[in-house]
Every structure is written in C-alpha cells, then in structure tokens.
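First comes the structure, then the notes that go with it.
The values are calculated or read from the model by the stated rules, or taken from the named source; none is laboratory data. All of these numbers come straight from a predicted model, not from anything done at the bench. Quick reminder, even Gly has a Cβ in these numbers, built from the backbone with ideal geometry, and neighbours come from all protein chains shown.
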Amino acid sequence: MFKNLNAGAIGIHTLPLPETILLAQQSGFAGIDFDIREAETLASQHGIEFVRDLFARHNIQPGQWGLPVAWNQERWREDLADLPRLAELGAALGCRRTATWCPSWSESRDYAENYQWHLDRYRPIAEILRQHGCSFGIEFLGPKTLWASHPYRFIHSLGEMMQLAADLGTGNVGLLLDAWHLYTSGDSLAILDTLTAAAIVSVHINDAPAGIPVDELADTVRCLPLETGVIDLVGFMRKLAGLGYTGPVTTEPFNQRINALAAADPLAAAQEVSRAMDRLWQAAGLHS
C-alpha cells in the first residue's frame, strides 16, 4: 500500500499535473490521483515520455485516474467513445486503475430497475477497460443520511456492491473501498475477510466526528485519519495488509478546516494530511 494524494479531496483544485506531482513529493506522498484528460493534453503537446518523466523524476506513482465517463449524464456515450484512447494512455503511463461512485438512492427507479440500469451503464465501461488491462473500482455510499430521504434506496453496502461487480461479469470490476462508507453502512471489519486483494481497486481512509450516532453522520463532514478514533482505521489497514493489497490509499476528509488551510497554503494542507497518514501507518505497524 502507498500513501496517495488526491489534491481536490483536500481542497486544492487548481494545480496542474506537474505542480500536483511536485506537491506530492514535497509533502511525503508516494502517489497521486490525476485527470487522464489533462495527461492526454500534456502527452499531445510534449509526448508521452514527458508525462512519464514528470512522475519518475519526482519518484511519484500514478495512483489512479478518475473515470472520464459521465455515465449518469446525457453525454455518457460521447465520453464512452473517448475511453479506449484514454484507457490506452493510462496503461501506457503504468496506471491501470480508475474508479467512480454509485449513488445509494434513486428518485424514480425501484431497486430492481435501478440495478439493471446501472448494469447497462457500467458494463460497456468495464468491457473497454478490460480490453486495456485496467481495473474499474466502484464506491458504495454508506451513510443513511444520503438515502433515507429519497423514494428508493439503492446499493449502500460492500456485499451489494460486490454482487453488482460479479453480475457485470467482466472480471475487472471491484471496489473503491472507503473506510468511512464501510463504517456508516453498518458493516464490521470482519466483512473484509470475504475479499481478495484483487477485489480492491483503490482505498479511501477517513475518520468520523465524535459524539454523533452513526445513522446521523453527514457525508460531507469527516475527519483526518486517527483524529477522533471513531472508525477503527488501524484494524482496517491491518485487514488490507493481511489481504495483500498493494495499491493507493487516499485521504478524502471533506473537512472545512483542511479546505481553508489548502486555500491559504496548499503545501501546509498536504503536509498535515500526510502526517496524519504517517501516524496511521505507524499505529498499524505498516511501512509507509
């Protein structure tokens, strides 16, 4: 496993790829999430070796690229047409992981109808990614506060998402596994024993505010790893290590304080997140 930076997740939204890579190096990360379309632009302007060298010269790994298909919007077929080219680039850069999220509710489709709708949208994406040797992670959303106010509940647990991955049938679909969503779904860490490392495409870690019942936690209010100890992140990381997971681990705190710090001093924000992750690695007995 390696410490991975998603700059946008900590409130840094305007840095181009070269500066994001430098920021990751300066703040002690081993990898980054990146925009594959931005990488394509750089490769078209300067060549793919230029992009590879951006990562290599700073000893930063390409952790994962955000899925460039707006599968839940009208333009999804247009985006899908671009995916073979972009997946080929990702593979050429040595990054074969991409991921998206799945809403845990619907305004108009019951569970069965919505399940089929998601199969129809995700399967062509997964098939293209498979053809280029890429894995596709899908994140389930656990908090009850996300789905309870909508007419129809949808997938919001690990077991449901693994069933969807199996039903897609392409063999390259797994989890974007977030400790926050695992905790808020009501599952225990024991469910991780049902997984293999291959089932986990990427990982997010966050802590939860103290003193709030799990069913009342708001998805947009989270904490840095080990900040409160509400979520057993030490146990979570040890489970992943036991499975043999070796991919990116990213903090996504959605934290107002960190966002404000990032607006004033991006390096300070990245360094604070990095230090929090170092403390978790040390507490779990892992090598960062």
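Quick grid of which residues meet (1) of a type in the set (A, V, I, L, M); (2) over 18 Å from GLU252 (Cα atoms); (3) without any contact (Cβ under 8 Å) to a residue 24 or more places away in the chain:
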site	(1), (2), (3)
ILE12	yes, no, no
PRO16	no, yes, yes
GLU19	no, yes, yes
GLY31	no, no, no
GLU40	no, yes, no
HIS46	no, yes, yes
ARG52	no, yes, no
PRO62	no, no, no
PRO68	no, yes, no
(message) If I filter segment 175-198 for residues that are closer than 16 Å to GLY235 by Cα, aliphatic (A, V, I, L, M) and free of Cβ contacts under 8 Å to residues at least 12 places away in the same chain, do I get at least one hit?
(response) yes
(request) Go through segment 95-121 and count every residue that is farther than 28 Å from ALA30 by Cβ and in contact with a Leu (Cβ under 6 Å, 6 or more places away or on another chain). (result) 1
(request) Select, from ALA99, ALA81, ALA91, ALA39, the only residue that is in a helix (DSSP H, G or I), of a type in the set (Gly, Ala, Ser) and buried (at least 20 other Cβ atoms within 10 Å of the Cβ). (result) ALA39
(request) Evaluate the following for PHE254: is it closer than 21 Å to LEU158 by Cβ, of a type in the set (Phe, Trp, Tyr) and either assigned to a strand (DSSP E or B) or at pLDDT below 95 (or both)? (result) yes
(message) Of the residues ARG121, ARG130, ARG97, only one is more than 26 Å from THR41 (Cβ to Cβ), among the charged types (D, E, K, R) and either at pLDDT 95 or above or in contact with a Gly (Cβ under 7 Å, 6 or more places away or on another chain) (or both); which?
(response) ARG121
